[in-house]
Ligand SMILES: [Zn+2]
Ligand SMILES: [Zn+2]
């Protein structure tokens, strides 16, 4: 089972849509957990961002959740990068995604809800894919291809390519 954990304030339907997509792509049940507050110690006031790794490390994965995806609506960073869309810890079976930079409004553009939800699906599947041991894929249409920017994210699909699907079944992920 994949569990979804809202961390801080999250739009409800964003979580449901991420859950439906994860169920469809990985073929496992998905459950939404009770929301938890954002850990205040992960906030960097100078950067006005949250340190992604320290949120990841704080998440406790219940034993019934083989994989857990935390969803936040704050801007995330890791040292050395200006921002990250998300981060995964394959050893913990835990990943995190941020909604903040998936919205057109963040870039001063008119809102586009459909585009926002497509981006969310891709980021959610990508990070959970990492927790199943999948690395980055050279196929630019595959959800496991690396996104350096939203141009890359918008180009790929939310699905695994044939090669990644095979890898997933070989590692016994699903
Ligand atoms: Zn990645
Ligand atoms: Zn692939």
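Bear in mind that the values in this text are calculations on the coordinates, not laboratory data. For clarity, every value in this text was computed on a predicted model and none was experimentally measured. Virtual Cβ from ideal backbone geometry, glycine too; neighbours counted across all protein chains shown.
Tabulated results
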{"item": "Antiparallel bridges, percent of DSSP beta bridges restricted to the chain (to nearest 5)", "result": "30 percent"}
{"item": "Ascending count of other beta-carbon atoms within 10 Å, so fewest first, for 85, 106", "result": "106, 85"}
{"item": "Which of 13, 73, 44 has the fewest Cβ neighbours within 10 Å, and the rest in rising order", "result": "13, 44, 73"}
{"item": "Exposure proxy ranking, count of Cβ atoms within 10 Å, fewest first, for 36, 123", "result": "36, 123"}
{"item": "Of all DSSP beta bridges in segment 63-124, antiparallel share, percent nearest 5", "result": "50 percent"}
{"item": "Calculated Rg and Dmax of the chain using C-alpha coordinates, Å", "result": "15.0, 45"}
{"item": "Equivalent ellipsoid, segment 85-174 (semi-axes from 5 times Cα gyration tensor eigenvalues, Å)", "result": "25, 14, 9"}
